[in-house]
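The structure under discussion appears below in the form of structure tokens.
The values are calculated or read from the model by the stated rules, or taken from the named source; none is laboratory data. What you see is a predicted model, and the numbers here were worked out from it, not measured in a lab. Here the Cβ positions follow ideal geometry from the backbone for every residue, glycine too, while neighbour counts run over all protein chains shown. To get the accessible areas, we keep the full protein, side chains included, count just its heavy atoms, and leave off ligands, DNA and RNA. Shrake-Rupley method; radii C 1.70, N 1.55, O 1.52, S 1.80 Å.
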Amino acid sequence: MMQRLSRARIVAGFYFQPNLVMSGTRNIFVTSALPNANGSIHLGHLLEHIQTDIWVRFQRLRGHRCVYVCADDTHGTGTMLKAEQLGVDAAAMIEGIRAEHEDDFKRFFVAHDNYYSTHSPENRALCESIYTRLNERGFIFTRDVEQLFDPQRKLYLADRYVTGECPRCGAHDQYGDNCERCGATYDATDLKNPKSVISGATPVLARSTHYFFDLPQFTDMLKRWTTSGTLQSEVSNKLAEWLEAGLKAWDISRDAPYFGFVIPGTTDKYFYVWMDAPIGYMASLANYCERHNDVVFDDYWHPEAATEVHHFIGKDIVNFHALFWPAVLEGAGYRKPTKVHVHGFITVDGTKMSKSRGTFINAGAYLKHLNPEYLRYYYAAKSNGTIDDIDISFDDFVQRVNSDLVGKVVNIASRCAGFINRLSAGQLAAQNPAPDLWAQFTNAAPRVAASYESGDYGRAVREIAALADLANQYIAQQAPWNLAKQPDQGAAVQAICSLGINLFKVLVVYLAPILPDTAARAQQFLNLERLRWDDAREWLGEHHINPFEPLLTRMERDALDRVVEESREVGSPDDDGTAAGDEDLIDIDTFAKVDLRVARVVNAEHVSGADKLIKLTLDLGDSQRQVFAGIKGAYQPDALIGRLTVVVANLQPRQMRFGISQGMVLAAGPGGSEIFLLAPDSGATPGMQVR
């Protein structure tokens, strides 16, 4: 009988019991990368979690046991600052966000067995235990480092909290690690005219003792592990370059103030978020084990465990998961991952997601207008098991859903079910009128399975669509609607349509990992007690089906347009710091219609849930307006009160998810922290028209 692994066992040492699953059945632990607790779930998160969920559902469909967990990545300076900004307790804030994230994933049919938090007692215990083992085995050391320090806020500044001029090309408003304009990489201390993003103060250099993990000691092990088939070849090749160039020790500490776990033996040093975040995978499993007696923690993490561990991640965090993480596990005496599945980024119509264009789409906005399985299918169709970026073309999105799912797959059942129910009282025929066609469908199972296993879901989708074409061609050639008009052709109609229903069942099995809700409703229509991978080969003869009800409806382009419109943030700059706009030229008469007026800011406040927006109350002399402006990178709200600006006074109000914006503020500058409004003493008065 399996036993639970208690928190005491996690800290004290190993508890190992051999895996007791049936022979031939795989026992797999699966994770997706942890979403950050500072924002909503968006298309990028959904790509990874849907890809993971498809793989997990496929394994379960095959009869393997998968435990799929995730958690919110909660720690760091960003969480601390956001909680301060909102005036709430950080722990309460992250729990509210965690619940929102979990709900969003569920509504996209992502079947986590446990969705937890890195700010948990299990994670604290595991972090302390792993750190202690690493320290005792000589893999931890300290040294003083020089960092930029915000003298106003009294905290050390991570690279993303410092901006300045690129030391190579002089570009303004570049972050402290690399230049987005020329691509140069550098240390934050190399920036010219640096500024704290948090307070606007000029940072100073300060020295502090940091704790380091001695990663170079694991170079030989990592060279073997990264070339052992645990990674895609393109990832392995890239890591080989880094390994040959030489690894550096990994800074695992941060100074107070910080939201996280205190390093044992210290009072003001905290584990860096990238130390405790991957351990959060283990902590989420430990929490799951506490509530499920049949799952044993060390069955997955003992170095001799016969089970599998699979991580699904984006290519931007490969160094953490394929260098740092396996080295930490090796040093602490745990097993290393079986495989790390790496995917690319999301682009929309060829460009990166943008709030101003409305293509930075959150889960909530999507679900108001569209079926979540549309996105699951499209992501599957575009996934090829490599690290290539995935582009969402809106026209292609609509066409694939309507053509493949509605026009091909669902069409088979809708064409045949009516004849079976009307002419044969819902009874399928025993005989198979086209054994060769049936064999084509059932013989495809190993190829489709191989595509799912490798993450090449697009190849599986193409194979399924091609089979659906064959089924529809057969039905069209046999034309049961014509035969049904002849009184003596009832048996022929039943046989043809019975084959159609059986072919549809095969396709449903193949698509079940991608479309779990549609598969569940198809299972009810087919009157089946179960739906497993091997059921694809089983012929339903003399079997009673239920009346057919539409399984999927056509996707309307205007519904997708509404999602985009709702996601658009008026006045929000694009990711490159420039506002998106219509590049078509306008004539002077059109420009003359724009009513530009001077306005005074009488109130300004942060917008909860928006990274760059400030809510402004503007006095135009004869009226007041509420306007949302994407200028948070340049101004704190309090600094705006009393300042003058120019506003487009005759712009049609726009409903945003944060409220109604009744105009647009005009400003000058390259963007980011350099956005300039009129000075309060410029001589202009509210209501003055700008010409």
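Only a single criterion out of (1) in a helix (DSSP H, G or I); (2) farther than 25 Å from residue 532 by Cα is not satisfied by residue 70, namely (1). For region 423-459, a residue qualifies if it is touching a Lys or Arg at 6+ places or on another chain (Cβ under 8 Å) and of a type in the set (Gly, Ala, Ser), and the qualifying residues are 445, 449, 451, 458. Condition first: more than 24 Å from residue 55 (Cβ to Cβ), in a helix (DSSP H, G or I), over 38 Å from the mean Cα position of the chain (by Cα) and not aromatic (Phe, Trp, Tyr). Can you find one or more residues in region 438-456 that meet it? Yes, the conditions are met somewhere in region 438-456.
Of the residues making up region 21-30, just one is at pLDDT below 50, open to solvent by 50 Å² or more (accessible area, probe 1.4 Å) and closer than 28 Å to residue 110 by Cβ, namely 22. Reported count of residues in region 197-222, each being within 29 Å of the chain's Cα centre (by Cα) and either at pLDDT 95 or above or open to solvent by less than 40 Å² (accessible area, probe 1.4 Å) (or both), is 4. Evaluated against (1) surrounded by fewer than 17 Cβ atoms within 10 Å (Cβ to Cβ); (2) part of a helix (DSSP H, G or I), residue 432 falls short on exactly one condition, (2). The residue that is nearest to residue 395 (Cα to Cα), counting only those in region 339-367 that are among the aliphatic types (A, V, I, L, M) and open to solvent by less than 10 Å² (accessible area, probe 1.4 Å), is 348. Selection of region 368-386 for residues being under 15 Å from the mean Cα position of the chain (by Cα) and either of a type in the set (Gly, Ala, Ser) or open to solvent by 30 Å² or more (accessible area, probe 1.4 Å) (or both) yields 380, 383.
Residues in region 50-65 that are of a type outside the set (Asp, Glu) and surrounded by 21 or more Cβ atoms within 10 Å (Cβ to Cβ): 50, 51, 52, 54, 55, 56, 57, 58, 59, 61. Is it the case that residue 494 is outside any loop (DSSP other than H, G, I, E, B) and without any contact (Cβ under 8 Å) to a residue 12 or more places away in the chain? So residue 494 does not fit the description; no. Can you name every residue in region 471-485 that is crowded, with 19+ Cβ neighbours inside 10 Å, of a type outside the set (A, V, I, L, M, F, W, C) and touching a residue at least 60 places away in the same chain (Cβ under 8 Å)? Of everything in region 471-485, just one residue is crowded, with 19+ Cβ neighbours inside 10 Å, of a type outside the set (A, V, I, L, M, F, W, C) and touching a residue at least 60 places away in the same chain (Cβ under 8 Å), namely 480.
More than 31 Å from the chain's Cα centre (by Cα) and surrounded by fewer than 18 Cβ atoms within 10 Å (Cβ to Cβ): is that true of residue 170 in this structure?
Criteria met by residue 170.
When 488, 535 are checked against the criterion of being of a type in the set (D, E, K, R) and open to solvent by less than 50 Å² (accessible area, probe 1.4 Å), a single residue qualifies: 535. Listed here are the strands (runs of 3 or more DSSP E) enclosed by region 108-215 that have at least 3 residues being more than 25 Å from residue 270 (Cα to Cα): 192-196.
Against the test of being of a type outside the set (Val, Ile, Thr), modelled with pLDDT of 95 or more, open to solvent by 30 Å² or more (accessible area, probe 1.4 Å) and out of contact with any helix residue (DSSP H, G or I) (no Cβ under 6 Å at 6 or more places or on another chain), the options 449, 466 yield a single qualifying residue, 466. Here the condition is being open to solvent by 20 Å² or more (accessible area, probe 1.4 Å), outside any loop (DSSP other than H, G, I, E, B) and of a type outside the set (S, T, N, Q); of 279, 317, it holds for 317 alone.
For residue 562, indicate whether it is under 30 Å from residue 666 (Cβ atoms) and either open to solvent by less than 50 Å² (accessible area, probe 1.4 Å) or out of contact with any strand residue (DSSP E or B) (no Cβ under 6 Å at 6 or more places or on another chain) (or both). Here the answer is yes, as residue 562 does meet what is asked. The residues of region 538-559 that are open to solvent by 80 Å² or more (accessible area, probe 1.4 Å) and either hydroxyl-bearing (Ser, Thr, Tyr) or part of a loop (DSSP other than H, G, I, E, B) (or both), listed by number, are 538, 542, 547, 549, 550, 553, 554, 556. For residues in region 499-530 being over 28 Å from the mean Cα position of the chain (by Cα) and assigned to a loop (DSSP other than H, G, I, E, B), which is surrounded by the most Cβ atoms within 10 Å (Cβ to Cβ)? Only one residue fits best here, namely 528.
Residues in region 214-246 that are out of contact with any Gly (no Cβ under 8 Å at 6 or more places or on another chain) and among the hydrophobic types (A, V, I, L, M, F, W, C): 215, 221, 222, 225, 231, 235, 239, 240, 242, 243, 245. Residues in region 31-49 that are surrounded by 24 or more Cβ atoms within 10 Å (Cβ to Cβ) and polar (S, T, N, Q): 31, 32.
Consider region 225-269. How many of its residues are part of a strand (DSSP E or B) and either open to solvent by 50 Å² or more (accessible area, probe 1.4 Å) or hydrophobic (A, V, I, L, M, F, W, C) (or both)? So the answer is 3.
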